[in-house]
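Engineer: One structure, pasted below without further comment.
The values are calculated or read from the model by the stated rules, or taken from the named source; none is laboratory data. It should be emphasised that the depicted structure is a prediction, and the values quoted were computed from it without experimental measurement. Every residue, glycine among them, receives a Cβ derived from its backbone with ideal geometry; neighbour counts consider all protein chains shown.
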Amino acid sequence: MSLNAIAQKLVEPGKGILAADESEPTIAKRFAAIGIGNTPELRRDYREMLFRSREAMTRYISGAILTEETLKQDGADGTAFIALLADSDVIPGIKVDRGTFPMPGSSGEKITEGLDGLRQRLAEYAALGAGFAKWRAVITIAEQAPSRNAMRANAHALARYAMLCQEAGIVPVVEPEVVGDGEPGDHTIERCQEVTEETLETVFNELRLAGVDFTGMLLKPNMVLAGHKAARQADVEEVARRTVETLRATVPAAVPGIAFLSGGQTDEEATAHLSAMNRLDGLPWKVTFSYGRALQNAALRLWSGRAENIELAQAAFAHRARMNSLASLGKWQGDLDRAA
Ligand code: 5MM
């Protein structure tokens with residue numbers, strides 16, 4: 001399949017991406033919250049519970065972002081996860097960054113690492129069947145941040161990653177996350193909009209310079225939101241309006257789709273914001289979800305590491321995926337959630 005065909009399939013109407021690529025420290029935190037340890041078997045069982053949720057995976061999920069461990073892992077009965085996903089027509093994706101590290105010369109900012117040896121790793125992932133990849137850059141908002149230096153360094157790394165992916169026949173999902181739920185977290189929505197616009201402009205300039213084909217990539221941005229500790233939180237319509245305004249100003253129409261991260265929003269907020277954006281007229285790209293927490297929160301809690309809870313957890317996952325599928329079509333309504 002061409003890069004454009006893969007990208008189009010990932011954002012096909014009514015579907016979105018499941019981000020199941022929590023790194024070891026992150027999954028350890030999620031598991032600690034439900035009182036279980038972080039072992040390879042539990043990681044396998046948890047992800048298998050998600051991938052075997054037939055309703056969610058076949059109807060609402062187009063692609064799943066995996067860690068390298070999951071990409072190479074088998075389910076409890078020996079079925080390769082790649083085969084399980086293929087059975088639901090879900091494209092496997094791979095997180096290829098090596099995480100975020102302190103930005104040299106800056107206090108509190110991060111730079112994403114993982115470019116060394118990436119060409120070789122991508123060739124291996126492509127041979128294993130990965131159709132797309134993901135790299136997350138973190139942009140911090142604080143009194144002295146973001147600095148131009150951190151923004152440019154992160155944008156440059158995203159562009160090098162994206163071009164390497166395209167050379168390997170893999171669709172790059174470009175994720176520059178302006179973090180809203182970090183510290184100090186008291187910034188206004190106006191400040192988030194300003195920083196998000198500058199970030200996206202910088203990223204697309206670097207992508208253009210690197211020669212990235214916009215028709216064969218996806219963008220995974222944050223929504224424009226006030227910091228989680230801000231005195232004024234905007235309503236759903238304002239978030240949708242400001243986010244789309246920012247994207248229109250910076251994202252070329254040649255990009256097939258935008259798949260948002262949820263960034264610590266409640267499940268219902270993430271769905272409501274997505275639906276409100278899709279009710280706005282004349283969007284030049286498909287607009288959908290690539291949620292981690294906002295797709296998994298309820299399922300993870302219900303599962304709690306116990307085999308007897310699998311069906312209940314899968315039903316919760318299917319419900320959340322269906323709500324976001326409706327939101328990707330602009331058709332979600334709060335009473336559907338409340339009824340459930
Ligand atoms: C699933 O979490 C992804 C990996 O994060 P870490 O490397 O920090 O463990 C993360 O990149 C995720 O894909 C995005 O942040 C979207 O997830 P949320 O939970 O914000 O929707």
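Engineer: Looking for something in contact (Cβ under 8 Å) with a residue 60 or more places away in the chain, closer than 19 Å to Lys286 by Cβ and touching a helix residue (DSSP H, G or I) at 6+ places or on another chain (Cβ under 8 Å) - is there at least one such residue anywhere in the range 137-158?
Structural biologist: no
Engineer: Within the range 21-47, restricting attention to residues that are assigned to a helix (DSSP H, G or I) and out of contact with any helix residue (DSSP H, G or I) (no Cβ under 9 Å at 6 or more places or on another chain), which residue is nearest to the ligand (Cβ to nearest atom)? Even if it seems obvious, please write down each step before you answer.
Structural biologist: At the first step, the residues of the range 21-47 found to be assigned to a helix (DSSP H, G or I) are 24-33, 40-47.
Those left that are additionally out of contact with any helix residue (DSSP H, G or I) (no Cβ under 9 Å at 6 or more places or on another chain): 25-26, 28-29, 32, 41.
Values: Pro25: 7, Thr26: 3, Ala28: 10, Lys29: 9, Ala32: 14, Glu41: 19 Å.
The selected residue is Thr26.
Engineer: Residue by residue through the range 288-310, note down the ones that are closer than 30 Å to Gln166 by Cβ and buried (at least 24 other Cβ atoms within 10 Å of the Cβ). Before the answer, list the steps.
Structural biologist: Kept after step one, since they are closer than 30 Å to Gln166 by Cβ, are these residues of the range 288-310: 288-296.
Residues satisfying the conditions are Thr288, Phe289, Ser290, Tyr291, Ala294, Leu295, Gln296.
Engineer: Can we say Leu50 is within 16 Å of the ligand (Cβ to nearest atom), under 20 Å from Leu312 (Cβ atoms) and not in a helix (DSSP H, G or I)?
Structural biologist: no
Engineer: Would you check which residues across the range 190-241 are over 25 Å from Leu18 (Cβ atoms) and of a type in the set (Lys, Arg) and list them?
Structural biologist: Arg191, Arg208, Lys229, Arg232, Arg241
Engineer: If a residue must be within 19 Å of the chain's Cα centre (by Cα) and at positive phi, how many such residues does the range 100-126 contain?
Structural biologist: 1
Engineer: Return the pairs, sorted by first residue and then second, in which the second residue is in a loop (DSSP other than H, G, I, E, B) and charged (D, E, K, R), the first residue lies in the range 68-94 and is touching a residue at least 24 places away in the same chain (Cβ under 8 Å), the beta carbons are less than 7 Å apart, and the residues are 6+ apart or on different chains.
Structural biologist: Pairs found: Leu84/Arg52.
Engineer: For the range 75-184, please list each of the strands (runs of 3 or more DSSP E) lying entirely inside it that holds at least 3 residues being modelled with pLDDT under 95.
Structural biologist: none
Engineer: So, one more: Could you list, ordered by first residue, the pairs with Cβ atoms under 7 Å in which the first is in the range 22-33 and under 12 Å from Gln296 (Cβ atoms) and the second is among the charged types (D, E, K, R) and in a helix (DSSP H, G or I), at least 6 apart or interchain?
Structural biologist: From the range 22-33, the pairs are Glu22/Arg30; Ile27/Arg43.
Engineer: Just need a number here: residues in the range 10-58 that are surrounded by fewer than 19 Cβ atoms within 10 Å (Cβ to Cβ) and within 30 Å of Asp213 (Cα to Cα).
Structural biologist: Counting residues in the range 10-58 that are surrounded by fewer than 19 Cβ atoms within 10 Å (Cβ to Cβ) and within 30 Å of Asp213 (Cα to Cα) gives 5.
Engineer: Would you please list the contacts, defined by Cβ atoms under 6 Å and residues six or more apart or on different chains, that run from a residue in the range 247-267 that is more than 8 Å from the ligand (Cβ to nearest atom) to a residue that is polar (S, T, N, Q)?
Structural biologist: If the second residue must be polar (S, T, N, Q), the pairs left are Ala254/Thr215; Pro256/Gln8; Ala259/Thr288; Ala259/Ser290; Asp267/Asn297.
Engineer: Now a separate question. Looking at Ala83, is it in contact with a helix residue (DSSP H, G or I) (Cβ under 8 Å, 6 or more places away or on another chain) and exposed (fewer than 14 other Cβ atoms within 10 Å of the Cβ)? Spell out the reasoning first.
Structural biologist: Working: in contact with a helix residue (DSSP H, G or I) (Cβ under 8 Å, 6 or more places away or on another chain): no; exposed (fewer than 14 other Cβ atoms within 10 Å of the Cβ): yes.
So Ala83 does not fit the description; no.
Engineer: What are the pairs with Cβ atoms under 7 angstrom where one residue, in the range 278-306, is under 16 Å from Glu22 (Cβ atoms) and aromatic (Phe, Trp, Tyr) and the other, located anywhere, is part of a helix (DSSP H, G or I) and away from the ligand (no atom under 15 Å from the Cβ)? Sequence gap at least six, or different chains.
Structural biologist: Trp303/Met49; Trp303/Asn309; Trp303/Ile310; Trp303/Ala313
Engineer: Looking at the range 184-200, I want the residues that are touching a residue at least 60 places away in the same chain (Cβ under 8 Å) and have a partner that is crowded, with 21+ Cβ neighbours inside 10 Å with Cβ atoms under 7 Å, at least 6 apart or on another chain. Which pairs are those?
Structural biologist: So the pair list comes out as Thr199/Ile139; Thr199/Met151; Thr199/Pro176; Thr199/Val178.
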